[in-house]
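Step one of this worksheet: look at the structure below.
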Amino acid sequence: MFLIFRYYYKFLLVLLVIDFSIIEASTSEKPHPQKIVLTNCNIISCADKKLNKNMTIIIEGRNITSIKKGRYKEKYKDKDTKLINLDGAYVLPGLWNVHMHLTALLPDPNRVQDNESISSATIRAGLNGMDGIRHGFTSIRSVGERDYIDIYWRDAFSQGYFMGPRIFASGDAVTVTGGHRGDVEFGSDGVSEIRKAVRQRIQKGVDWIKIVDVEMLSDELNAAIETTHSLGRKITSHSREPATYRSVLAGVDCIEHGYGLTDKTIKLMAEKGTYYSPTIICNLSDEYIKERESRLANLGFSKDEQVVNGRVMVAYADERSQEHAEHQRNALKKAVEAGVKVVIGSDSTPIGEIGILEIEQFVLSGVSEIDALIAATRNPAEMCGVLDQLGTVEENKLADLLVLKDNPLENISNIRKRLMVFKEGVLVDLNYPNSPSNYWDYYGNKKYRKGYLEDAENQAGFKRGLVAPVEGQ
């Protein structure tokens, strides 16, 4: 813990303020069993596109040590073995959300972020991460975060002080003066400043560099990519055409959003192995938001009014025109068909609910259920260089697992029916924290659903109540 304190003295205040009983979720007084056996289960490994039925998984310590056909036959009674009969449940790799801003709130009706202190923002970021792992997201990639908060939480989670997702951190994005919607007062301009900005972030310990390529000149873009790769890191870019083609050609590792993505660029991405995080959930029209909510209501996933109010409010804060939404949906489908490796990233918070919506939106965009699951597991692990340890359910890999009651290959929304989540062989407490507030309270308790209709077929008939952003930002 002292390592974290050395990074930033104010982080001490955060650790003192947060309820330390969360530690119990990851370091219980009860001894961690040496062996956990999950038997009578079905496995969607995401290493391939098969469903393996009637399987047994053996976890020893942090790793999966054995996967066998059939039920576990206990030969000896062993006090260090915990046997769990999953009764036909479905086991997947832990999910990933690879476009995330831990402290972001869009919109911010309670004006939480106005002059917010580093301590307050850090607490909120941690709560967001802890909420995410209870939804099955055992790994996330942060692509733009203030004050290196993502690094501090990365280390706190990895060192076991709190139960949260493993984080691949980027710190703040590298932008030019006046960049990204014109709100960057002092950016990095010219090749030398771009190189310095990249080096400073890597010196702080980031795993990825995030840039906004649209506003960079070609020499600045090339400098960012060259410097990042020379120091052994990967680089991703918030991008829209025509800058996207230029960035892919120059060698970025991943494209975020890819507004206005063209067939020519999709082809180049497939050839060069560039990953694509479409954040499709942030590119929905009024029609698509209604489509989504009507579907979830019909499936019975609209019973929690606060969750529905929150996710609808977030959706309309990022509402797009129908033409833009259709283009982004079609671009995602084309990218998958062309062989581009797509990955799940929600952009908006909270990590959990909006991340689940992103996976569902892949399927609504025409991507198959198994390809959507691979985009949420294997592809992100490969992109982050840890496929040898994570991303699939295979022997000798870390036991990051999501256990579902029903088959997500039959209905992708069955990813909402969580029974268990494991991170490195440790069972996550899905009910913690048990408190009067939750992450949605940051958005307020007002009813943001305007004109909510009683008719079951039109349960998502919301009126537009929030200003939409400029297309392609």
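The values are calculated or read from the model by the stated rules, or taken from the named source; none is laboratory data. Just so it is clear, the structure is predicted and the values come from calculations on it, not from any experiment. Methodologically, a virtual Cβ is constructed for each residue, glycine included, from the backbone with ideal geometry; neighbour enumeration extends over all protein chains shown. These area figures cover heavy atoms from the full protein model, side chains too; ligands, DNA and RNA do not enter into them. Shrake-Rupley method; radii C 1.70, N 1.55, O 1.52, S 1.80 Å.
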Original post:
Which pairs do you get when a residue that is in contact (Cβ under 8 Å) with a residue 12 or more places away in the chain and farther than 24 Å from Met163 by Cβ, found in segment 394-412, comes within reach of a residue that is open to solvent by 10 Å² or more (accessible area, probe 1.4 Å) and in a loop (DSSP other than H, G, I, E, B), reach meaning Cβ atoms under 6 angstrom, with the pair 6+ apart or on two chains?
Top reply: Asp406/Lys417
Original post:
If the Cβ limit is 8 Å and pairs must be 6+ apart or interchain, which residue in segment 71-100 that is on the phi > 0 side of the Ramachandran plot pairs with which residue that is modelled with pLDDT of 95 or more?
Top reply: Asp87/Asn40; Gly88/Asn40; Gly88/Cys41; Gly88/Asn42
**OP:** Assess whether Leu364 counts as being surrounded by fewer than 23 Cβ atoms within 10 Å (Cβ to Cβ), over 16 Å from the mean Cα position of the chain (by Cα), among the hydrophobic types (A, V, I, L, M, F, W, C) and closer than 22 Å to Ala47 by Cβ.
**Re:** no
Subject >> Within segment 320-359, tally of residues that are over 24 Å from Leu127 (Cα atoms) and among the β-branched types (Val, Ile, Thr) >> reply: 3
Original post:
Among the candidates Lys333, Lys341, which residue alone is under 23 Å from Glu291 (Cα atoms), open to solvent by 10 Å² or more (accessible area, probe 1.4 Å) and charged (D, E, K, R)?
Top reply: Lys333
**OP:** Being farther than 22 Å from Leu105 by Cα and either open to solvent by 10 Å² or more (accessible area, probe 1.4 Å) or part of a helix (DSSP H, G or I) (or both) narrows it down to one of Ile354, Ile374, so name that one.
**Re:** Ile374
Original post:
What are the residues in segment 144-178 that are touching a Lys or Arg at 6+ places or on another chain (Cβ under 8 Å) and either assigned to a helix (DSSP H, G or I) or over 25 Å from Arg416 (Cα atoms) (or both), if any?
Top reply: Gly144, Tyr148, Ile151, Arg154, Phe157, Ser158, Ala169, Ser170, Gly171, Asp172, Ala173, Val174
Subject >> Every residue from segment 225-243 that is touching a helix residue (DSSP H, G or I) at 6+ places or on another chain (Cβ under 7 Å), more than 18 Å from Gly258 (Cβ to Cβ) and not β-branched (Val, Ile, Thr) >> reply: Leu231, Arg233
Original post:
What pairs come up if the first residue lies in segment 329-357 and is touching a residue at least 12 places away in the same chain (Cβ under 8 Å), the second is open to solvent by 10 Å² or more (accessible area, probe 1.4 Å) and of a type in the set (Phe, Trp, Tyr), and their beta carbons are under 6 Å apart, counting only those six or more places apart or on different chains?
Top reply: Lys341/Tyr275; Val343/Tyr275; Pro350/Tyr439
Subject >> Looking only at segment 168-191, and only at residues there that are of a type in the set (A, V, I, L, M, F, W, C) and free of Cβ contacts under 8 Å to residues at least 40 places away in the same chain, the one that is least open to solvent (accessible area, probe 1.4 Å) >> reply: Ala169
Original post:
Which of the residues belonging to segment 89-147 are touching a strand residue (DSSP E or B) at 6+ places or on another chain (Cβ under 9 Å), open to solvent by 10 Å² or more (accessible area, probe 1.4 Å) and among the hydrophobic types (A, V, I, L, M, F, W, C)?
Top reply: Ala104, Leu106
Original post:
For the subset of segment 394-449 comprising residues that are among the basic types (Lys, Arg) and either open to solvent by 60 Å² or more (accessible area, probe 1.4 Å) or more than 20 Å from the chain's Cα centre (by Cα) (or both), which member is nearest to Gly129 (Cα to Cα)?
Top reply: Arg418
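Quick grid of which residues meet (1) under 26 Å from the mean Cα position of the chain (by Cα); (2) of a type in the set (A, V, I, L, M):
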| residue | (1), (2) |
| --- | --- |
| Ser192 | no, no |
| Arg199 | yes, no |
| Gln203 | yes, no |
| Asp207 | yes, no |
| Met216 | no, yes |
| Asp253 | yes, no |
| Gly260 | yes, no |
| Thr265 | yes, no |
Original post:
Condition test on Val340, is it at pLDDT 95 or above, in contact with a Phe, Trp or Tyr (Cβ under 7 Å, 6 or more places away or on another chain) and outside any strand (DSSP E or B)?
Top reply: yes
**OP:** Kindly check whether there is at least one residue in segment 413-423 that is at pLDDT 95 or above, assigned to a loop (DSSP other than H, G, I, E, B) and among the aliphatic types (A, V, I, L, M).
**Re:** no
Original post:
Among the residues of segment 114-136, is there at least one that is assigned to a loop (DSSP other than H, G, I, E, B), hydroxyl-bearing (Ser, Thr, Tyr) and either in contact (Cβ under 8 Å) with a residue 40 or more places away in the chain or under 24 Å from Gly444 (Cβ atoms) (or both)?
Top reply: yes
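Specify which of the listed residues (Asn97, Asn85) is of a type outside the set (A, V, I, L, M, F, W, C), at pLDDT 95 or above, touching a helix residue (DSSP H, G or I) at 6+ places or on another chain (Cβ under 8 Å) and not in a loop (DSSP other than H, G, I, E, B).
Values: Asn85 fails: touching a helix residue (DSSP H, G or I) at 6+ places or on another chain (Cβ under 8 Å).
Sole residue among the options that is of a type outside the set (A, V, I, L, M, F, W, C), at pLDDT 95 or above, touching a helix residue (DSSP H, G or I) at 6+ places or on another chain (Cβ under 8 Å) and not in a loop (DSSP other than H, G, I, E, B): Asn97.
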**OP:** Could you check how many residues of segment 192-232 are open to solvent by less than 50 Å² (accessible area, probe 1.4 Å) and either farther than 27 Å from Tyr152 by Cα or part of a strand (DSSP E or B) (or both)?
**Re:** 10
**OP:** Return only the number of the condition from (1) over 23 Å from Val363 (Cβ atoms); (2) of a type outside the set (A, V, I, L, M); (3) under 22 Å from the mean Cα position of the chain (by Cα) that Tyr245 does not satisfy.
**Re:** (3)
Original post:
Quick one: which helices (runs of 4 or more DSSP H) sit completely within segment 233-308 and have at least 2 residues that are crowded, with 16+ Cβ neighbours inside 10 Å and β-branched (Val, Ile, Thr)?
Top reply: 243-250, 263-272
